[in-house]
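Just below is one structure, and these are the notes that go with it.
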Amino acid sequence: MRKFFVSLLLSTAVFAVPAFSQETETKVVDEVVAQVNDGVITLSKVRRELKDIIDAKVNEGMKREDAQKFGDEKQGELIANLINEELLLQKAKELGIDDEVEASLNQRFVDLMKQFNLKTVDQLYEEMRRQGVDPQEMREVWRKQATRERVIEREVQSREYWKPTATQLRAYYDKNKSKFTKQETVSLSELFLSFAGRDEAAVRQKAKDLVAQLRSGADFAKLVVENSDRPNAAANKGKGETVPVKELDTRFVEPLKNVGIGGYTDPVETTGLGVSIIRVDDRQAASNESEFKENAVRIAMLQESFPEASKKFLTKLRSDSYIKISDTYRPLVSPILFADERKEKTAN
């Protein structure tokens, strides 16, 4: 379980506090790297984020000295990202979506609790602490992530999705019909066994035994209800969605390659989480015929327009804000943070 939790995880002004010694003095405890409206990016925050990046690279197999060099090279980009993040968090407060974000966080923890067969959130927190993961730190990481996503979804994605008129949708479809041909699809069901609180070797062996039973004619729905650790298994009997083969999770592509309708994969393991047994319910071949579906066309147009629309949104946030970067870090950050604004000025 630990692997799972871990994988989810200005001017020269300074903050000062009084320090008591033989004489009254001021002790410097942190440096402000950038001021963003009423918020600040501190040096300690930058160092914490930088350490996380370096540690992640080391965990991926990079030598620590190389990881340190990589982190140093990314420092300007990191500070620029933290400034953009602060702007998005401030925008979220302006939009009043705090309650929405908090509700999504609560649901995320409840889903985790169900997934790992824990009865209460307190038990989940206890297990996380036992594995060296601070629940509040993880909650804060997820809160920022959810906040950023909600702001972008509301202010950029939603607007870009609904922006094209009926005439524009039809014109785009007529020009790009090859994008809207029927893709090869596969319909899947799943029986999932969790590693949480169990001996992983025993879980793997159980999965093999279940596959053998299924291939010998056992009732899939019955075994799902009796064994699956998905919280909704009893209700849906493991039934999944129909998905384009090109969009399959990479873990399942090879195991599903030669499985016919009604067949089962060998156990497919998700590191740190558990083991899945997948049944193929149906397969539909691709076709060269095009079909106009409004949602599909809107999504295709959104995918093309989103990168530029997102850049413009962040550019406007910056231009409407007070941002002061310390002299020490301005040469690293400004060329990255204000690149788009400079392009616009040059063009004009």
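The values are calculated or read from the model by the stated rules, or taken from the named source; none is laboratory data. None of the values given here were measured: they were computed from a predicted structure. Every residue, glycine among them, receives a Cβ derived from its backbone with ideal geometry; neighbour counts consider all protein chains shown.
So here's what we get for this one:
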| item | result |
| --- | --- |
| Residue match in the range 159-166 (condition: surrounded by 14 or more Cβ atoms within 10 Å (Cβ to Cβ), more than 23 Å from the chain's Cα centre (by Cα) and not in a helix (DSSP H, G or I)) | yes |
| Sole residue being touching a Lys or Arg at 6+ places or on another chain (Cβ under 7 Å) and of a type outside the set (D, E), chosen from W162, W142 | W142 |
| Among the residues listed as V17, V33, the single one being touching a Lys or Arg at 6+ places or on another chain (Cβ under 9 Å), over 19 Å from E137 (Cβ atoms), among the β-branched types (V, I, T) and at pLDDT below 90 | V17 |
| Matching residues, the range 36-51, being over 22 Å from the mean Cα position of the chain (by Cα) and among the aliphatic types (A, V, I, L, M) | V36, V40, I41, L43 |
| Filter result for S187 (under 26 Å from the mean Cα position of the chain (by Cα) and at negative phi) | yes |
| Close pairs from the range 41-52: first at positive phi, partner part of a helix (DSSP H, G or I) and at pLDDT 95 or above, Cβ under 6 Å, at least 6 apart | none |
| Subset of the range 110-126 (residues that are surrounded by 18 or more Cβ atoms within 10 Å (Cβ to Cβ) and in a helix (DSSP H, G or I)) | L112, M113, Q115, L124, Y125 |
| Boolean, F192 is under 25 Å from the mean Cα position of the chain (by Cα), under 28 Å from T120 (Cα atoms) and either in a helix (DSSP H, G or I) or aromatic (F, W, Y) (or both) | yes |
| Verdict on A103 being small (G, A, S), under 30 Å from K237 (Cβ atoms) and either surrounded by 14 or more Cβ atoms within 10 Å (Cβ to Cβ) or modelled with pLDDT under 95 (or both) | yes |
| Checking A92 against (1) over 30 Å from S305 (Cβ atoms); (2) small (G, A, S); (3) crowded, with 18+ Cβ neighbours inside 10 Å, the condition it does not meet | (1) |
| Residue ID - modelled with the highest pLDDT, chosen from residues in the range 195-228 that are acidic (D, E) and in a helix (DSSP H, G or I) | D209 |
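Results for (1) under 29 Å from G240 (Cα atoms); (2) at pLDDT 95 or above, shown as yes or no for each residue.
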position: E126; (1), (2): no, no
position: R159; (1), (2): no, yes
position: A171; (1), (2): no, yes
position: F180; (1), (2): yes, no
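A quick yes/no check of all residues on (1) surrounded by 15 or more Cβ atoms within 10 Å (Cβ to Cβ); (2) outside any strand (DSSP E or B); (3) of a type outside the set (F, W, Y):
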{"position": "G260", "(1), (2), (3)": "no, yes, yes"}
{"position": "E269", "(1), (2), (3)": "yes, no, yes"}
{"position": "V275", "(1), (2), (3)": "yes, no, yes"}
{"position": "D282", "(1), (2), (3)": "no, no, yes"}
{"position": "N295", "(1), (2), (3)": "no, yes, yes"}
{"position": "R298", "(1), (2), (3)": "yes, yes, yes"}
{"position": "E308", "(1), (2), (3)": "no, yes, yes"}
{"position": "L314", "(1), (2), (3)": "yes, yes, yes"}
